[in-house]
Amino acid sequence: MITYLASVHQIDLHKNGGATVVAASGELDAFVADDLADAFVRASQDTRVIVDLEAVSFMDSTALGILVRAVRDVDVRNGEIRVVLPTGTARRIFEITTLDRVLPVSESVGQALAELAPEAA
């Protein structure tokens, strides 16, 4: 497991059910961009990726751009990716930008693993 830790955010990289999980928490903004981009580069070694944003309280356009690029990169490699969106106020940015309609969204890590099955299960 790799962990990027700062006072207002944390990004963990770990394996779960055959998928690489990028689990973020706290505030994801321009100050986090390098850590977030690095986590996605490391996750790109796998063809099955879950981005767990359930514990994210805020995302700015920089973090959203990095996320969209990561989704596109996995898709270009014919991989599979799921984004677990937060249910609280942080989800609003996805609704405003309509990214919740175009990203491969799951409601939980468990659901994402099931959607990546059978290979990832």
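Between the exposed loop cleavage positions of the chain, defined as GluC sites (Glu not before Pro) in a non-H, G, I, E, B DSSP state with at most 15 neighbouring beta-carbon atoms within 10 angstrom, the longest gap is 1-106. Basic side chains Lys and Arg get +1 at the Cβ, acidic Asp and Glu get -1 at the Cβ, and with that the dipole of the chain about its Cα centre reaches some 200 debye. Comparing the chain with the 2.2 N^0.38 Å rule of thumb, its C-alpha radius of gyration ratio is 0.95 (two decimals). What full-extension length gain, to one decimal in nm, is calculated for THR89 and ALA114 as 0.36 nm per residue of separation minus the Cα-Cα distance? Extra length from THR89 to ALA114 when fully extended: 6.4 nm. For GLU107 and ARG72, the FRET efficiency from 1/(1 + (r/R0)^6), where r spans their Cβ atoms and R0 equals 22 Å, is about 0.50. For ARG91, neighbours were defined as the other residues whose beta-carbon sits under 12 Å from its Cβ, and their charges (Lys and Arg +1, Asp and Glu -1) total -3. Full extension of the segment from ARG42 to THR97, taken as 0.36 nm per residue of separation minus the current Cα-Cα distance, would add 17.1 nm. Among LEU103, LEU28, GLN10, pick out the residue whose Cα is farthest towards the positive end of the charge dipole of the chain, where Lys and Arg carry +1 and Asp and Glu carry -1 on C-beta, about the Cα centre. Value computed over the given set: LEU103.
Only the coordinates and a few stated rules stand behind these numbers; no lab work does. None of the values given here were measured: they were computed from a predicted structure. Glycine also receives a Cβ, built like all others from the backbone with ideal geometry; neighbour counts cover every protein chain displayed.
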